[in-house]
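First the structure, in the form of structure tokens, and then the observations on it.
The values are calculated or read from the model by the stated rules, or taken from the named source; none is laboratory data. Everything numeric here is computed off the predicted structure, so don't read it as measured data. Here Cβ is always computed from backbone atoms with ideal geometry, including for glycine, and neighbour counts include all displayed protein chains.
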């Protein structure tokens, strides 16, 4: 699966997960966090990436089912064996990026009233 | 002076090839070059100047860690680990805390693994020399607030604690956060360069092929995609406890190679205080050793992203704390593990499979470590303690620690480790040692291991000083045996 870019398999569920967890996060920031997450998945050691991408393919398929929003909520909040580790990985990478890049992000993902969305400086430091 | 960095090339030749440039590789290359050997260092990662990257940041993980710092030893539960992948290896990215080689542990290794010629006085002398070379010192003035927390909590409980010295230099009048890490790119690698060692970065050694009794061909691939080879008479493999056994296995050497990975598993928590304690670009220098060597407590890097990470296992309950990240710092409890793991190079896969299995005793220690660490931080004045495991309770009072103990399960926790050892243990006990008493791989003339892989066990403290002491001892023996002309 080295040739399959993770953005196509990991990206859609990561997007739904972050939107659910952090409803106040500006879409531009969410996209940036997802880009970071998929880059990290692409650089995983080979077997680990294979495992992650295999689970990602399952999650990607689930997203096209009817009532997928309910399913995403269930998957996000239930620590299922193995599948739960995938959710944990995406959440860890996403949160680490968001709060390292914009440290004053509120718990719901929104930014303080006086801050502008987006706009990272080189090195991932907050603008 | 920095080493002369060579351009990627189809073919190089050298007398001694040193693979890896961390604590083992840099010291090996330095001493060999100073003894007159022709030395070429092959480093898989890039050369990154310290001042160009923020310590403990995600950017640093991108540039200087393998796989961006996302590497896992598979198991129930899995244990996240990190490996430096840059010139200087782990010494560029670790906490810089220095522990002198633990003599009682080494004495046990000598006896149990039948390590010949292991002179404890010699190791102590080497440690003195290393401490001078990398400027081991305590922080000037007061420690950081996050470090002071550990001292205060331990003092309140009457637990043993101490400030751990670091390999740092501080400017005149500087304080705890003005130190410059005396990593390998600032110490042994420049010395190696001054003595004539060459270095090629972004160069991965894929396989070692022995040709006759006095020649080795290293098949290499560069980050650019170019493939080539390096011919040498001797190869010192110093890629760390994961990459070293993987390379040896890819080279057809498997006997007692990669079967006995040892680590210090850790559990984490975040603690909130009334005042600001978080210094994002530094780590606490105090450690609590009341229960050492089985159990030790210390502080972790606490960038706001890492605080969010520590809270993320129970985000629905802990999320509001993130707004106070300046008042929060992350701490860990580390154990000496009786468990063991494997490093397995699989044909067709670029990266090895790494596994680790905790014992029931390890699990009990981690549980006890989490509860005792929470107690320590409450005694230090924490208003809220956020353990890092799924469904963890928020702890505000000592009487909630029994709840923590009941709810904690290793399988729910985010375990991690940074100390990886023991995948090619040294000694004359051929029933379990992958290398002889000086790191020479059994039945593989000219291939020598000289890094953390050699340590027979995880020593219970940061192993860098022990790795350096063994590496210097072994390379001195090599020089005495082979002479600079290749004897």
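Observations, loosely collected:
- Restricting segment B:41-76 to residues that are facing chain A (nearest Cβ under 9 Å) and assigned to a loop (DSSP other than H, G, I, E, B) leaves a set whose member that is nearest to residue B:299 (Cα to Cα) is B:57.
- Residue list for segment B:405-434, filter: within 21 Å of residue B:79 (Cα to Cα) and in a loop (DSSP other than H, G, I, E, B): B:408, B:409, B:414, B:415, B:418, B:419, B:422, B:423, B:424
- Picking from residues in segment A:38-51 that are closer than 12 Å to residue A:5 by Cα and in a helix (DSSP H, G or I), the one that is nearest to the other protein chains (Cβ to nearest Cβ) is A:40.
- No other residue among B:202, B:128, B:116 is within 24 Å of the chain's Cα centre (by Cα) and surrounded by fewer than 14 Cβ atoms within 10 Å (Cβ to Cβ) apart from B:128.
- Boolean, residue B:310 is buried (at least 24 other Cβ atoms within 10 Å of the Cβ) and more than 14 Å from every other protein chain (Cβ to nearest Cβ): no
- Scanning segment B:444-487 for residues that are assigned to a loop (DSSP other than H, G, I, E, B) and either within 29 Å of residue B:266 (Cβ to Cβ) or within 20 Å of the chain's Cα centre (by Cα) (or both) returns B:450, B:451, B:455, B:456, B:457, B:458, B:459, B:460, B:461, B:462, B:463.
Condition check ((1) under 12 Å from the mean Cα position of the chain (by Cα); (2) within 9 Å of chain B (Cβ to nearest Cβ); (3) under 19 Å from residue B:62 (Cα atoms)) across all residues:
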position	(1), (2), (3)
A:7	yes, no, yes
A:36	yes, yes, yes
A:56	yes, no, no
A:59	no, no, no
A:99	no, yes, yes
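- Some residue of segment B:80-89 being assigned to a helix (DSSP H, G or I) and within 14 Å of chain A (Cβ to nearest Cβ): no
- Residues that are under 26 Å from residue B:287 (Cα atoms), within 14 Å of chain A (Cβ to nearest Cβ) and either out of contact with any helix residue (DSSP H, G or I) (no Cβ under 7 Å at 6 or more places or on another chain) or surrounded by fewer than 23 Cβ atoms within 10 Å (Cβ to Cβ) (or both), drawn from segment B:319-355: B:321, B:324, B:326, B:327
- Scanning segment B:356-368 for residues that are in a helix (DSSP H, G or I) and either within 14 Å of another protein chain (Cβ to nearest Cβ) or under 21 Å from the mean Cα position of the chain (by Cα) (or both) yields B:362, B:366.
- Odd one out for residue B:432 among (1) under 23 Å from residue B:301 (Cα atoms); (2) assigned by TED's automatic domain parsing to the domain that holds residue B:241: (1)
- Considering B:426, B:455, B:415, the condition of being closer than 30 Å to residue B:298 by Cα, within 14 Å of chain A (Cβ to nearest Cβ) and buried (at least 22 other Cβ atoms within 10 Å of the Cβ) is satisfied by B:415 alone.
Conditions (1) farther than 17 Å from residue B:74 by Cβ; (2) in a loop (DSSP other than H, G, I, E, B); (3) free of Cβ contacts under 8 Å to residues at least 24 places away in the same chain, marked per residue:
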| residue | (1), (2), (3) |
| --- | --- |
| B:330 | yes, no, no |
| B:346 | no, yes, yes |
| B:392 | yes, yes, no |
| B:403 | yes, no, yes |
